[in-house]
Amino acid sequence: MISIPKSLDFLIEDNTREVCDFYMKLLKFKNKHIYTHSCQVANYAASIAAKLGLDTKEIGCIKMSALLHDIGTLAVPNNILDKYPYLSVRENAAYRRHAAAGAAMLENLPEFGNIVHIIHNHHETWDGKGYPNHIKGNNIPIGARIVAVADYYDANINPATQNYRKPPEKALKELKDKMGTLFDPEVVKAFMAVLPKPRNKKE
């Protein structure tokens, strides 16, 4: 079964669970690091959505889309995933196709109709310089804006991530610095409000 905290389990509808489990098992088999990352992004994204006051149904859609946001990497060769983020121009172009590929995997499944657009757009940026369609600002679905923030933070601090890792305080500073360029400022503020504060080592 996929890793869903009991406190948020109710957000995943029964009729989507089996399909989600299937894709997550495939992802875990292909790349356990991306699997672990996706589970944590889902936790962050659900918390951000709740902080922003979204309703339970929308929080559920955002959590599900966050769990599946990187399933398009199933179509990306392992040698590229293992090198990320240190990619050549050609390799980076191949990697960037994962957002559209993930959406394509789900677009013909009616029960996932509410999350396909989130997966497809989770690498769009507030300033319109993201991918795949260079949309910007509030034209980016709110779910995609939320997943983008959660994705960026965890990709930078997750100990399971290969090749690079930043201290949480540095990743958080980068999020703040990129408010209004890469990320929706209100989403970043909500994330900072729900992110657990690091414990004092003397405690």
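Some notes on this structure:
- When each of the peptides 89-99, 41-51, 123-133 is scored by the mean number of other C-beta atoms lying within 10 Å of its residues, the order from highest to lowest reads 41-51, 123-133, 89-99.
- Summed over qualifying helices (DSSP H, 4 residues or more, each -39500 (n - 2.57)) and divided by its residue number, the chain shows a 222 nm mean residue ellipticity of -17000 deg cm²/dmol.
- Nonpolar atom fraction for the chain, defined as the carbon and sulfur part of the 1.4 Å probe accessible area, stands at 53 percent.
- When the pairs K83/K178; K30/K57; K25/K129 are compared against a 26 Å limit on Cα-Cα distance, K30/K57; K25/K129 fall above it.
- Within-13-Å neighbourhood charge of A66 [Cβ basis; K, R +1; D, E -1]: -2
- Computed over protein heavy atoms with a 1.4 Å probe, the accessible surface of the chain works out to 52 Å² per residue.
- For the pair the range 14-62 and the range 90-164, the centres of their Cα atoms are 13 angstrom apart.
- Added length on full extension, which subtracts the Cα-Cα distance from 0.36 nm per residue, Y131 to D55: 24.6 nm
- Put a dot 7 Å past the Cα of K30, heading toward its Cβ, do the same for R97, and the two dots end up 1.2 nm apart.
- Kirkwood hydrodynamic radius (C-alpha pairs) into Stokes-Einstein, the chain, 20 °C and 1.002 mPa s, D in µm²/s: 126
The values are calculated or read from the model by the stated rules, or taken from the named source; none is laboratory data. These figures come from a predicted structure and were not determined experimentally. A quick note on method: Cβ atoms are made from the backbone with ideal geometry, for glycine too, and the neighbour counts reach across all protein chains shown. Each accessible area value is taken on the protein alone, full model and side chains, heavy atoms only, with ligands, DNA and RNA left out. Shrake-Rupley method; radii C 1.70, N 1.55, O 1.52, S 1.80 Å.
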